[in-house]
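These notes concern the structure reproduced below.
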Amino acid sequence: MNATGKVSKDIIEGLRSVTVASVTDALWEMGISGHLSHEIKPVLPAKMVGPAVTVYKEPTTERLPPTHILELIDSAEPGSVIVIAIDGYKDSATWGGLMTTGAVVNGLEGALLDGGVRDVEEIERDYSFPIFARSIHPAASVGRFKTVSSNEPVEIDGVLIRPGDVIMGDRDGVVVIPVDKAEECLKKALEIEAREREQTRHIQKTKSIREGLDKYQRI
């Protein structure tokens, strides 16, 4: 982390070289539970690593455009991950094809959705933009939900996500890395993966997973 409280590009690229599973284990060793629910999955196979830009939505019957989200898509720094918290409501899409287009042209890294996404065929046809969502659903959120805050801390699956925290996703799921722990987490994740490579070679050599587990104490 640099003097401005942001995670450096070197750390972001370093995290891109490791897996969500290794980062989850590293955080666990640090006493932090950062992984989100198994329900949040990649819409398309893709890896995502970037600082969070957060939005919170709550129920409404008013037909209001998602102004905060649209403004953030246009103004967020390239490489950011748009995080939309909606208290886990799955039967409404908080993201779609036009938002994806805006995010791509503005160089954003991806989107993490506590709710649904739609226009998946369009997104798959036109982009390889990383989207991790709790559901796929055809109904828009207009008239069902409204944006009430942006760039404020939000909570998804009991995990606090602050603006600037690192969001990391791959096919194993999503993990949230506190901005002030990113450097330490990367170091531990690299150590975990180095040990695992050694353990893999040992298992291949001895043809015994039990010996590999006993020697390296890692499952």
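Here are some notes:
Residues are listed down the side, and each one gets a yes or a no for (1) in a loop (DSSP other than H, G, I, E, B); (2) among the hydrophobic types (A, V, I, L, M, F, W, C); (3) touching a Gly at 6+ places or on another chain (Cβ under 9 Å); (4) closer than 18 Å to ARG144 by Cα:
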position	(1), (2), (3), (4)
TRP28	no, yes, yes, no
SER33	yes, no, yes, no
ALA52	no, yes, yes, no
LEU64	yes, yes, yes, yes
GLY88	yes, no, yes, yes
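- Residues located in segment 146-176, provided they are farther than 21 Å from LEU72 by Cα and assigned to a strand (DSSP E or B): VAL159, ASP170, GLY173, VAL174, VAL175
- Here is the figure for segment 80-101: residues that are exposed (fewer than 15 other Cβ atoms within 10 Å of the Cβ) and either closer than 16 Å to ALA139 by Cβ or of a type in the set (Gly, Ala, Ser) (or both) total 3.
- Residues of segment 32-53 satisfying the condition of being under 15 Å from GLY158 (Cα atoms), surrounded by fewer than 16 Cβ atoms within 10 Å (Cβ to Cβ) and out of contact with any strand residue (DSSP E or B) (no Cβ under 6 Å at 6 or more places or on another chain): SER33, SER37, HIS38
- Test for ASP74: is it surrounded by fewer than 21 Cβ atoms within 10 Å (Cβ to Cβ), free of Cβ contacts under 8 Å to residues at least 60 places away in the same chain and touching a His at 6+ places or on another chain (Cβ under 8 Å): no
- Flag: GLY169 matches the condition of being more than 18 Å from ASP10 (Cβ to Cβ), modelled with pLDDT of 95 or more and buried (at least 21 other Cβ atoms within 10 Å of the Cβ).
The values are calculated or read from the model by the stated rules, or taken from the named source; none is laboratory data. All values reported here derive from a predicted model rather than from experimental measurement. Positions of Cβ are backbone-derived with ideal geometry, glycine not excepted, and every protein chain shown enters the neighbour counts.
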